[in-house]
Each structure stands twice: as structure tokens, then as C-alpha cells.
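Chemist: Here's a structure for you.
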Amino acid sequence: MATVAELIGVQSQHGGVGLLGPDGLRYQHAEIAAQAATRAALFGDRHRPGMQPHIGVLLGNTDEFAFWLSAAALAGAALVGVNPTRRGAELARDVRHAECELLVTSRSHLPLLAGLGLEALPLLVVDEPDYRAALEPYRGVTVADVKPVAPVAEDTRLLLYFTSGSTGAPKAVTCVQGRVAASGKAMAERYDLTASDVCYIPMPMFHGNAILANWGPALVAGAAVALRERFSASGFLPDVREYQATYFTYVGRAISYILATPEHPDDADNPLRAGFGTEAGPLDRERFERRFGCHLSEGYGASEGGINVVAPRTFPAAVLARGAAVGRTDETLSIVNLETGDPCPPAEFDAAGRLLNGAAAIGELVGTGPGGFTGYWNNPAADAERYSEGRYRSGDLFYADTDGWLYFAARKADRMRVDGENISVALLEAILARWAPVEAVAAYAVPDEVTGDAVMCALVLRQGAVFDPAKFADFLAGQADLGTKMAPRFIRITEALTTTATEKVSRYTLREQGWWEVGGDAVWARRARGTGYELLDRDQ
């Protein structure tokens, strides 16, 4: 199938349960398609010629979100996932920038819109009587009856979703029907998804991960989708058992948060067989598999879709010893120097797996051709920065060994350069995560008083643990793969890491706070290399 609209047409013929809502309601596949057709017809009659066919949805992961996603596909419109964690002028900016001609929301979200100057924007409030009344004339409309407001094809825009904002102001990524359908097919085949599977979506549907790696594959396979309105670590295992979920996706710190919940002897008594996501550290993936009996597969891919690297189920031992490998390069990928654009040399390692030539080997991952990238909405400058001269620039830093294994180093915005050497943020975090008292860690750059960057990290300690600066220094000294310039200058002890709505660590916020605007958190600092950590008195 080339389009999502065609897949929904097939879904209308399926039997069995297709959607398990967070409120306990269950919908048959045919009923989902009928609900989508009803909403597509309603939108078609309200669409104003000359307006962009963009439907804003300001909801959690609810049945209505799923219905409107399918409705947009049938109508030839684009669904704009509005992030409910945004506030004030930022939220208004997102809605205006995406040129929404309609906003679907709920009563609980209405206070977010108050005073934003959006009074002229038509609203559909899904838990108001007027909404049900508006749908009533379209009951009985079928998928075949829907008249799209624009031609439906592979290149028809289906989604506008905003980047996570983990590195700055979010941009609106466009995503076409063909990409969602192709991604769904690839993921369904990779995980052998069938109509008997239940795909659990705990990640927000206003972001690409939930749609491309979970909702789309379920649609292709004829599997059921189970929704959690908002991610909950404590609710994860109860949901899995209640829904009998077999597959799920995650991003950011989600796995770390799940592992932080109280452990029970029967945790592995669950139906999960596969999980897919990004940014869970190797230690957390191992702990998750041991505890829950479910293998996690990592992949690398930007929201924009220009590059996609899928990790194998297992890595060679030598690769595992070297850090956070995500897969292998191919003829379409290369790593280039940030300043010159020239290819970077292969990474060199010592016997302990320590990267020896990070200054030269770490560079930006680029691809030949746009891949699935179809641009940002109304942002030509960002388009040109991302794709130009036949190359897609990932904006992420990697290094590769002589066999082509790719190792993630950092987001380009999170780059750390200490004494002229590029530091791998991902590798540093993996090392720091080995310290037994640590629950979560984020490494980031703060300005060095002379030049370049100084390394700072924020640590969340396990319950009952206390930061002991001497023991931490001893731990660092015992790590054979900790480079001579990687040891943190500043240590922030905090109760929780600042994250985005998709549970990604917001190093942008951490960098802005530095060591001088950390609230009541304790900060420890080394006066010079090789010295111990001292509690920083910021009043001095």
C-alpha cells in the first residue's frame, strides 16, 4: 500500500479489536475506520478554500487523537500534533506557525489557550455536547464516501510534528503519507507484527516516534493499538498486562524511569516480546531485558527522516566494549569534519576500547540524498541547513571504526570541545552510568574560563544514595576508557533531569543553567585537573 488512506480502507474490512483506549473503551477495526470517515467528512465541509488543510490536535493519547489521525489521511489533510507541555506565547507560536485552520482539543486543555489571541481559531472540544452534535449528520459516512479536500497520494502531507526542542526552539517537520506507510511496513516486517499483536503506545502521539514506529506498523499489520494518555513509568507494566501488549516503543529517559520503579519477582510475567526506541543506554537495555524478559532494539533516525540506521540484535564483543554503537555505515553515509566538510578518519581505540583520536574522528553524520526528508514547514533557512548540495546533514556527531560500525557521540548542539579535543557525550554518559549510586546522568558543556568548554554533568542518585566526592573520584580513576579530558569539572546533584515532553533530556536547558543557576541543587567542582571535588559556594 502506498498511502495511509489506502491502509485505512483495508482496515475497514478487518475484524477484531483495533484500538484499546485509555478510558477502557475498545473499538473494532471497522469502527475505527468509520469514526475516521465521520470526522473526515466533517472537516471536508468546514475546510475553507485557500486555507492550508491543517488540523491541529491538542490532546493526549486518546481515541479521538487516533480517529483524527486517520481522518486527516482520508481527507488529504495534515494533522498538526500540538505539544500540550508548551505554554503561553510558545504554544500560540506553534499553532500560528503551523497555520491550523481547526483545533481539536478537550475541556482540560482549554485553559492552555486562554489569553493567547487565538479566539478566531475554530475549536472542536471533544468532550462537549456540541461536538457530538456536529458529528451526528455524518454518521454512516464510509471510507469510500469521503471526498478529500486535496488529492491523496504518497507525497500528500499527513503530519506536521514539532522537533522535541531538546536543542533549542522546535521546528515543524513535515511528513507525507508515503513515509508513514513505508515505515509501517518496514517495522511490521522487522518485528513480525500480525493481527494478533497489541502495540502499546506510551509515548506522545504528537511526536513522530509514536506514529512512525508504532501506530503505522500496527495499521499495516492489522494489529491492535493500546493507548496510554500520558507516559507513566509506574503504569507501564500494569498497562502491558491489562492490554496484553506484545510490542512497544520508547524514547529518551523512558526506560530509565521504568527501571527506577520498585522491582518484583514476577516482573518478567508479561506478554511483551519486543521494544524499539532510542537513547536507552546499554546498561539500561541489559537491565530491562533481564527484569522484564523483553529484548530492546535501538535505532538511529532523526524526526526529519533523512537518515535511518537500525541496530542489529547483537553486536560483536569488541564493538560493545567501545561504546554506544547504533549500527553500520553503508555507501550512502559518511562522517565529515564540522569545519572543513572533509571525511573524518576512522576511529582508533586502545586495548580497553578507549577512543584515541576523538578530535579527528568525531564529525557530523551526513547522507547522500534527502532520504525521507520532505522539509520543515515554512522554514527555508532550516531546510537549507539540513539538506544542501545533495547531502542531508543529520546534525548529530558520530565516529566510525575501520569496519564501519557507527558510534553516537552527541547532538551537534551538545558538542563538547575540551582543550581542542572533541568529547563524546554519549560515551561519557555511558561511563558515568556505571557508578552504582547513579540512577540517571546527563553530560553537557559549560564555558571554560580560558577557552572552549568545561565538562559538567547532572547526576540523579538512586533512592537513599548520597554523593561522596572521594568515592566518585576513585570511580573515575578506575575507568580505563575515560579519556584524559573527559572527567567532569562540575557535578550537579539533582532530583530529576530536565526533560522535553518526549522524555528526552533537555541539555539545552541544562547548558543555559550552567553551574550558576541551579536552584537549590548542590554543585561540586574540581579546582584543577587531578584535584578532588569541593562543594561549590556560588556566593563567593
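The values are calculated or read from the model by the stated rules, or taken from the named source; none is laboratory data. Everything numeric in this text was worked out from a predicted model, so none of it was measured. Using ideal geometry, Cβ is built from the backbone for each residue, glycine included, and neighbour counts are taken over all protein chains shown.
Chemist: If you scan the stretch 489-535, which residues turn out to be touching a residue at least 24 places away in the same chain (Cβ under 8 Å), of a type in the set (Gly, Ala, Ser) and farther than 23 Å from Ala413 by Cβ?
Modeler: Ala522, Ala525, Gly532, listed by residue number.
Chemist: On to the next question. Does Leu283 meet the test of being among the aliphatic types (A, V, I, L, M), assigned to a strand (DSSP E or B) and closer than 21 Å to Ala442 by Cβ?
Modeler: The answer is no for Leu283.
Chemist: Across the stretch 253-273, what is the number of residues that are β-branched (Val, Ile, Thr) and part of a helix (DSSP H, G or I)?
Modeler: 2
Chemist: Within the stretch 22-30, is there a residue that is in a helix (DSSP H, G or I) and either of a type outside the set (S, T, N, Q) or surrounded by fewer than 24 Cβ atoms within 10 Å (Cβ to Cβ) (or both)?
Modeler: Looking through the stretch 22-30, at least one residue is in a helix (DSSP H, G or I) and either of a type outside the set (S, T, N, Q) or surrounded by fewer than 24 Cβ atoms within 10 Å (Cβ to Cβ) (or both).
Chemist: Considering only the stretch 43-62, state which residues are closer than 19 Å to Arg230 by Cβ and in contact with a strand residue (DSSP E or B) (Cβ under 8 Å, 6 or more places away or on another chain).
Modeler: Scanning the stretch 43-62 gives Gly56, Val57, Leu58, Leu59, Asn61, Thr62.
Chemist: Moving to a separate point now. Within the stretch 307-359, which residues are in contact with a helix residue (DSSP H, G or I) (Cβ under 6 Å, 6 or more places away or on another chain) and buried (at least 17 other Cβ atoms within 10 Å of the Cβ)?
Modeler: Of everything in the stretch 307-359, those that are in contact with a helix residue (DSSP H, G or I) (Cβ under 6 Å, 6 or more places away or on another chain) and buried (at least 17 other Cβ atoms within 10 Å of the Cβ) turn out to be Gly323, Ala324, Ala325, Cys344, Ala347.
Chemist: Please determine, by comparing only the residues of the stretch 92-126 that are of a type in the set (D, E, K, R) and either in a loop (DSSP other than H, G, I, E, B) or not assigned by TED's automatic domain parsing to the domain that holds Met51 (or both), which one is farthest from the chain's Cα centre (by Cα).
Modeler: So, considering only residues that are of a type in the set (D, E, K, R) and either in a loop (DSSP other than H, G, I, E, B) or not assigned by TED's automatic domain parsing to the domain that holds Met51 (or both), the one farthest from the chain's Cα centre (by Cα) is Glu119.
Chemist: State all residues of the stretch 77-91 that are over 21 Å from the mean Cα position of the chain (by Cα) and at pLDDT 95 or above; if no residue qualifies, say none.
Modeler: Scanning the stretch 77-91 gives a single hit, Ala77.
Chemist: Any residue that is modelled with pLDDT under 90, of a type in the set (Phe, Trp, Tyr), within 22 Å of Asp481 (Cα to Cα) and surrounded by 16 or more Cβ atoms within 10 Å (Cβ to Cβ) - is there at least one of those in the stretch 390-401?
Modeler: No, the stretch 390-401 contains no residue that is modelled with pLDDT under 90, of a type in the set (Phe, Trp, Tyr), within 22 Å of Asp481 (Cα to Cα) and surrounded by 16 or more Cβ atoms within 10 Å (Cβ to Cβ).
Chemist: When residues of the stretch 103-124 are filtered for being of a type in the set (A, V, I, L, M) and either at positive phi or in contact with a strand residue (DSSP E or B) (Cβ under 6 Å, 6 or more places away or on another chain) (or both), how many remain?
Modeler: Going through the stretch 103-124 one residue at a time, the tally reaches 5.
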